[in-house]
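Report on the following structure.
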Amino acid sequence: MIGGGIAAYKCLDLIRRLDEHGVAVRCVLTAAAKELVSPLAVAALSHGKVFDELFSLTDEAEMGHIRLSREADLVVVAPATADLLAKMANGLADDLASTLLLATDKPVLVAPAMNPRMWAHPATRRNVERLRADGVTILGPAAGDTACGEVGTGRMVEPTELVEAILARLRAGPRPLAGLRALVTSGPTHEPIDPVRFIANRSSGRQGHAIAAALARAGAEVTLVSGPVTIPDPEGVRTVHVETAREMAEACLAALPVDIAVCAAAVADWRPEEVPAHKIKKMPGGPPPTLRLAENPDILATLARHPTARPRLVVGFAAETGDLETEARAKMAKKGCDWILANDVSEGTTVFGGARNRILLITGDGPAEAWPELAKEEVARRLVERIAAMFAGGRS
Ligand code: C5P
């Protein structure tokens, strides 16, 4: 998709370079792009027809716009103008390019290009955040001189860099979980005591986020429900941000049906029963307030025992300090999940908030599998490998 920015001229170079790498390119021009770059040149370089009219009867008869949006392995929008980003973020479909973007089920890579102030505008920031949350990959823009004479961030990344990113996507390994939907919970929950205070824990979200990213790389359509964390949303994943356990439970139920659920969040077991609308005042000489706690919903057990939409595979974590295997097997039975990744969080271990994890994987009645201490990304990769084997009909 070529948008109507000055950087559209760079697309000719991009198409030529992709062609040199043996990538078949099919181009769609917006009306504004046609003013900036010759459709004839685009057609010549891409060795084919250029698409630009939503309601062209011959095109619709030859190839409906839905098909056009599904036949590609990857959809690239370059340059993506502020207007095109806004349309994408809001699901508008009033021309061929925006209609294809709404109808596609393929990964979308976007290279924005615009005036630096337009890029910095809160409206564009919102749109970009929303697109990231929808799983769109945003590449650039780069800093430097822009065509309008202002210096700042707004230049489209160079075609060479775009080619690298496109080839990396196309070469991305096998996608054994393509066509499957997954739900992952991650991070801590915050349970409010009053408008400014809350109960929390030390979970960083690193393990859950790594699992969501690995599932997405394996081709699954992933919803990540994350409590408050400071790490970025993973690429290619729909991330839903929540604060409390009850919000997390609600977001998880809303994400159903899914094939795979991995509950990696450190959900608070309890919440203060009543949350006053005003900050609790410290009374000089008075007694400290007493917090009455109520039990939070158990998300893992709720998913594993769902009466109508139980995922085919439900995976939980067990952070234990005692006899790992016995505790984990008991937890598996209590919660009704299929697999458990148990880890030791005794004093001296740094699993919570740390970068590494030592896992004992329990997948049923068979023997537990002890993994060596691994980076959380590697734990995620191994878990996804096991999930892929199970869905391929292998041992579970
Ligand atoms: O009961 P416990 O917190 O030890 O269980 C850990 C497992 O249960 C983790 O997979 C965690 O994500 C999940 N869990 C949950 N909802 C809760 C408590 C735990 O999903 N309220």
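Just a few scattered comments:
- Those helices (runs of 4 or more DSSP H) of segment 66-136 in which at least 2 residues are modelled with pLDDT of 90 or more, under 21 Å from the mean Cα position of the chain (by Cα) and charged (D, E, K, R), considering only elements entirely within it, cover 122-133.
- Output for segment 241-293, where each listed residue is more than 24 Å from ASN343 (Cα to Cα) and either among the acidic types (Asp, Glu) or not assigned by TED's automatic domain parsing to the domain that holds CYS337 (or both): GLU243, GLU247, GLU250, ASP259, GLU273, GLU274
- For THR302, the criteria (1) more than 9 Å from the ligand (Cβ to nearest atom); (2) under 28 Å from ASP194 (Cβ atoms); (3) at pLDDT 95 or above hold in every case but one, which is (1).
- Selection from segment 282-337 of residues that are touching a helix residue (DSSP H, G or I) at 6+ places or on another chain (Cβ under 9 Å) and over 24 Å from ARG246 (Cα atoms): THR321
- Of the set (1) in contact with a Lys or Arg (Cβ under 9 Å, 6 or more places away or on another chain); (2) free of Cβ contacts under 8 Å to residues at least 60 places away in the same chain; (3) under 30 Å from ALA368 (Cβ atoms), all apply to ALA266 but (2).
- Residue tally, condition in a loop (DSSP other than H, G, I, E, B) and within 16 Å of the ligand (Cβ to nearest atom), over segment 257-299: 10
Residue-wise test of (1) small (Gly, Ala, Ser); (2) surrounded by fewer than 20 Cβ atoms within 10 Å (Cβ to Cβ); (3) touching an Asp or Glu at 6+ places or on another chain (Cβ under 8 Å); (4) under 30 Å from LEU12 (Cβ atoms).
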| site | (1), (2), (3), (4) |
| --- | --- |
| GLU158 | no, yes, no, yes |
| PRO195 | no, yes, no, no |
| ALA200 | yes, yes, yes, no |
| ARG206 | no, no, no, no |
| HIS241 | no, yes, no, no |
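- Residues in segment 230-250 that are more than 14 Å from the ligand (Cβ to nearest atom) and part of a helix (DSSP H, G or I): 0 in all.
- Conditions (1) crowded, with 24+ Cβ neighbours inside 10 Å; (2) farther than 30 Å from ASP105 by Cα; number of the one not met by ILE211: (2)
- Scanning segment 203-215 finds no residues that are among the charged types (D, E, K, R), closer than 27 Å to GLU274 by Cα and not assigned by TED's automatic domain parsing to the domain that holds THR104.
- Restricting attention to segment 254-276, the residues being surrounded by 16 or more Cβ atoms within 10 Å (Cβ to Cβ) and either of a type in the set (Phe, Trp, Tyr) or under 28 Å from PRO307 (Cβ atoms) (or both) number 14.
- Across segment 305-329, the qualifying residues are those that are without any contact (Cβ under 8 Å) to a residue 40 or more places away in the chain and within 10 Å of the ligand (Cβ to nearest atom), and the one among them that is nearest to the chain's Cα centre (by Cα) is ALA318.
- Residue check for PRO232: surrounded by fewer than 20 Cβ atoms within 10 Å (Cβ to Cβ) and either touching a Gly at 6+ places or on another chain (Cβ under 9 Å) or in contact (Cβ under 8 Å) with a residue 40 or more places away in the chain (or both): no
- Residue pairs whose Cβ atoms lie under 6 Å apart, separated by 6 or more positions or on different chains, with the first residue in segment 290-302 and more than 12 Å from LYS335 (Cβ to Cβ) and the second within 6 Å of the ligand (Cβ to nearest atom) and hydrophobic (A, V, I, L, M, F, W, C), are ASN296/ALA245.
- Flag for ALA7 being among the hydrophobic types (A, V, I, L, M, F, W, C), crowded, with 21+ Cβ neighbours inside 10 Å and in contact with a Lys or Arg (Cβ under 9 Å, 6 or more places away or on another chain): yes
The values are calculated or read from the model by the stated rules, or taken from the named source; none is laboratory data. Computed from a prediction, not measured in an experiment: that's the story for all the values here. All Cβ positions, even for glycine, are placed from backbone atoms using ideal geometry, and neighbour counts span all protein chains on display.
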